[in-house]
Structure formats: C-alpha cells, structure tokens
Amino acid sequence: MTLVAVTLSSPLSLATKLKRRPHPKITCSSVTTQSQSAKQDLLNLISDQDRGLISQRDPAKRDAIIKAIDAMAILGRDTVTTGDSLSATWRLLWTTEKEQLFIIEKAHLLGTRAGDVLQVIDVEKKTLNNVITFPPDGVFFVRSSIEVTSSQRVNFKFTSAVLRGKSWEIPLPPFGQGWFETVYLDDDFRVVKDIRDDYLVVERAPYNWKE
C-alpha cells in the first residue's frame, strides 16, 4: 500500500502568497479633478442663461442646474467656507432669486439696464452688501450685518438700503433677515443656497466694490 503525503500550507503562508487587490485611494489630486469637472459642468449649464432669466422659464433647465449645484455641494460638504476667503466682491453668474431677476429684467423700463450684480462680504467687519449696478452712475444696494454660525452658514440682517444716482440718493428702510450657506468655495468661484431655497452662483470680481 502506497501512502501519499500531502503537505498543507498554514493559513498564514497562504495569506502571504495571495495578492490582495489594493483599495482605491482618494487623493487631493483626484478630489481636485472631480471639483474642476463638476465646476465646469455647472458653468457650461449656466453660460447661456442670462444670469437666470432664461432658466426661470425653463423648469427642466433649472432642475439640471440645481442638480449640478447639488453635486458641487457634495464635494464641498466637509469644507469651511465662512473664513477669510469668503471676504470678497462676488459677481453674479446665475440665481433663482426672483427679486434680483425682476430688477435685472425690468431695468429698461426705467431707461437704464442692469450692470454687475454683486455680493460684497467682509467677514472681519461682519458686513454684507447686496448690490445691483446701473451703468454709468446708478446703483441700488442693501446693507446687512452678518454673523458666522457654522462652517458654512452665515446669518444676515438687513440694516438699510439705498437707491443712488449720479447726484441724488434715496434711502430706503431695511426689510428682512435670514441665512445663507456657501456650499462650495474655491479661489474664484462660490455656490450658495439660502433660507428660501434660492440658489446663487458667483465668481470673484476683478475689482473691489466700494460705496
């Protein structure tokens, strides 16, 4: 009778021989690539929307833009967006805010047109100005005080408003308060959602607006 010897490898030696599939790693470069891709998708969607005037009459387009904004929010969810980098003059690219869009659309009825629409934020001084310009000399702006309440949320309270021309100025009473969240922020681009579920996409302006 022939005995057949069978040699069993230990579990440890087998484990060392097996090649394990490496887990995918999330690196800074991959996150940056995702952010840039999502950002470009959003910019492409809003590029021909006249700051929101067109998409407010096109629910499908509006939904597609908001979906792209939500994708940006996911990428920015663990970031702090209420620090010093929030302080800047931000210029409107797209919004769902009806009051701003109404003024932009109807400015011609007053014999003028809307120029740059701005958010001017100073975190250190705790101020926010919402500004609509009417070139060459007109401007409407609302002053607010602000308070940072979390890594992405800022509370605001309107304190006064001014309609100003070249040689005249009409003060208006303050009218409201609320909050906004900057859900994504980089060196030149910012995405915002506010208390009324309105959305705002802005770029860093190439100038600093002053009263």
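Quick notes
- Residue ID - farthest from Q34 (Cα to Cα), chosen from residues in the stretch 174-211 that are among the hydroxyl-bearing types (S, T, Y) and in a strand (DSSP E or B): Y199
- Qualifying residue in the stretch 169-183 (condition: open to solvent by less than 20 Å² (accessible area, probe 1.4 Å), without any contact (Cβ under 8 Å) to a residue 40 or more places away in the chain and touching a Ser or Thr at 6+ places or on another chain (Cβ under 8 Å)): no
- Only one of the listed residues (R62, R51) is surrounded by 17 or more Cβ atoms within 10 Å (Cβ to Cβ) and on the phi > 0 side of the Ramachandran plot. That residue is R51.
- Flag for A114 being modelled with pLDDT under 95 and within 22 Å of S167 (Cβ to Cβ): no
- Residue that is least open to solvent (accessible area, probe 1.4 Å) [pool: residues in the stretch 84-107 that are farther than 19 Å from N129 by Cβ and not hydrophobic (A, V, I, L, M, F, W, C)]: T96
- Check on V148, aliphatic (A, V, I, L, M) and more than 23 Å from L43 (Cβ to Cβ): yes
- Subset of the stretch 75-120 [within 20 Å of W209 (Cα to Cα) and of a type in the set (D, E, K, R)]: D84, R91, R113, D116
- Close contacts from the stretch 53-72, counting a first residue that is farther than 14 Å from L200 by Cα and a second that is open to solvent by 50 Å² or more (accessible area, probe 1.4 Å) and of a type in the set (A, V, I, L, M), with Cβ to Cβ under 9 Å and a gap of 6+ residues or different chains, come to K61/I54.
- Residues being more than 10 Å from the chain's Cα centre (by Cα) and closer than 29 Å to L42 by Cα - total across the stretch 181-211: 13
- Residue list for the stretch 95-131, filter: over 20 Å from V202 (Cα atoms) and touching a residue at least 40 places away in the same chain (Cβ under 8 Å): E124
- Residue in the stretch 144-162 that is closer than 30 Å to T33 by Cβ, basic (K, R) and part of a strand (DSSP E or B) present: yes
The values are calculated or read from the model by the stated rules, or taken from the named source; none is laboratory data. Since the structure is predicted, the reported quantities are computational estimates derived from the model, not experimental observations. Don't worry about glycine lacking a Cβ; one is built from the backbone with ideal geometry, like all the others, and counts go over all protein chains shown. Note: accessible area is taken over every heavy atom of the protein model, side chains too, but ligands, DNA and RNA are not part of it. Shrake-Rupley method; radii C 1.70, N 1.55, O 1.52, S 1.80 Å.
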